[in-house]
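Down below is the structure, laid out as structure tokens.
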Amino acid sequence: MTAPGEELQRALVDVAVGVLIERQADGCEGRFLLTTRPAGKVYAGYWEFPGGKLEAGEGVAQALVRELHEELGLTIALEAVQPWRVETFEYEHAHVRLHFCKVYEWRGALQMREQQAHAWQSLPLQVAPVLPGTVPVLGWLARERGFTGATHATLSSEAPATLTP
């Protein structure tokens, strides 16, 4: 039990996140994959980059390979997982450290094993609402691609998350 005015310290949860990107014929980055959060989970129906929590003893690449197979039915080689950025977010329900990894190669057809929707997107997004932890990624992609303008539609119902240092 916490005393009045004290905040409950939540454990930091590590999450591997896959930014699956199609390569264009000229080798440039093309569309990227977004999926919806499944029914019954916090932020159900919000669009995000796929991934999941690291299990005990797992590294980021191992967790991402496992999660993308479990959720999407894709086979990804460990060496295809390219660490990109790490950010920490404070949601109302969780404190997470998101390990974003780019992935350009995979095998298999998409199978939405958690009955989630999927969409191959480019900027600006054509889907909404977007999970708060996904928004910075859209900005990073925009900067890398020289895209200017809004990266996604903002809905008044989108819940905030705080980026923490």
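The figures follow:
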{"read-out": "Hits in segment 118-136 (condition: within 14 Å of the chain's Cα centre (by Cα) and over 14 Å from GLY51 (Cα atoms))", "value": "ALA119, TRP120, GLN121, PRO129, VAL130, PRO132, VAL135, PRO136"}
{"read-out": "Residue count for segment 11-30, restricted to those that are open to solvent by 50 Å² or more (accessible area, probe 1.4 Å) and either of a type outside the set (A, V, I, L, M, F, W, C) or out of contact with any Lys or Arg (no Cβ under 6 Å at 6 or more places or on another chain) (or both)", "value": "7"}
{"read-out": "Some residue of segment 1-9 being at pLDDT 95 or above and either at negative phi or open to solvent by 40 Å² or more (accessible area, probe 1.4 Å) (or both)", "value": "no"}
{"read-out": "Some residue of segment 53-60 being out of contact with any His (no Cβ under 7 Å at 6 or more places or on another chain), in a loop (DSSP other than H, G, I, E, B), open to solvent by 20 Å² or more (accessible area, probe 1.4 Å) and at pLDDT below 95", "value": "no"}
{"read-out": "Qualifying residue in segment 127-142 (condition: hydrophobic (A, V, I, L, M, F, W, C) and in contact with a helix residue (DSSP H, G or I) (Cβ under 7 Å, 6 or more places away or on another chain))", "value": "no"}
{"read-out": "Check on THR36, buried (at least 19 other Cβ atoms within 10 Å of the Cβ) and either at pLDDT below 95 or in contact with a Gly (Cβ under 8 Å, 6 or more places away or on another chain) (or both)", "value": "yes"}
{"read-out": "Of all residues making up segment 62-73, the number that are open to solvent by less than 30 Å² (accessible area, probe 1.4 Å) and either assigned to a helix (DSSP H, G or I) or without any contact (Cβ under 8 Å) to a residue 40 or more places away in the chain (or both)", "value": "6"}
{"read-out": "Index of the failed condition, LYS41 passing every other in (1) in contact with a Phe, Trp or Tyr (Cβ under 6 Å, 6 or more places away or on another chain); (2) among the basic types (Lys, Arg); (3) modelled with pLDDT under 95", "value": "(1)"}
{"read-out": "Whichever residue in segment 143-165 is out of contact with any helix residue (DSSP H, G or I) (no Cβ under 7 Å at 6 or more places or on another chain) and among the β-branched types (Val, Ile, Thr) and, among such residues, is modelled with the highest pLDDT", "value": "THR148"}
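The values are calculated or read from the model by the stated rules, or taken from the named source; none is laboratory data. Everything numeric here is computed off the predicted structure, so don't read it as measured data. Note that we place each Cβ from the backbone using ideal geometry, even for glycine, and neighbour counts take in every protein chain shown. Heavy atoms of the whole protein, side chains included, go into the accessibility calculation; ligands, DNA and RNA do not. Shrake-Rupley method; radii C 1.70, N 1.55, O 1.52, S 1.80 Å.
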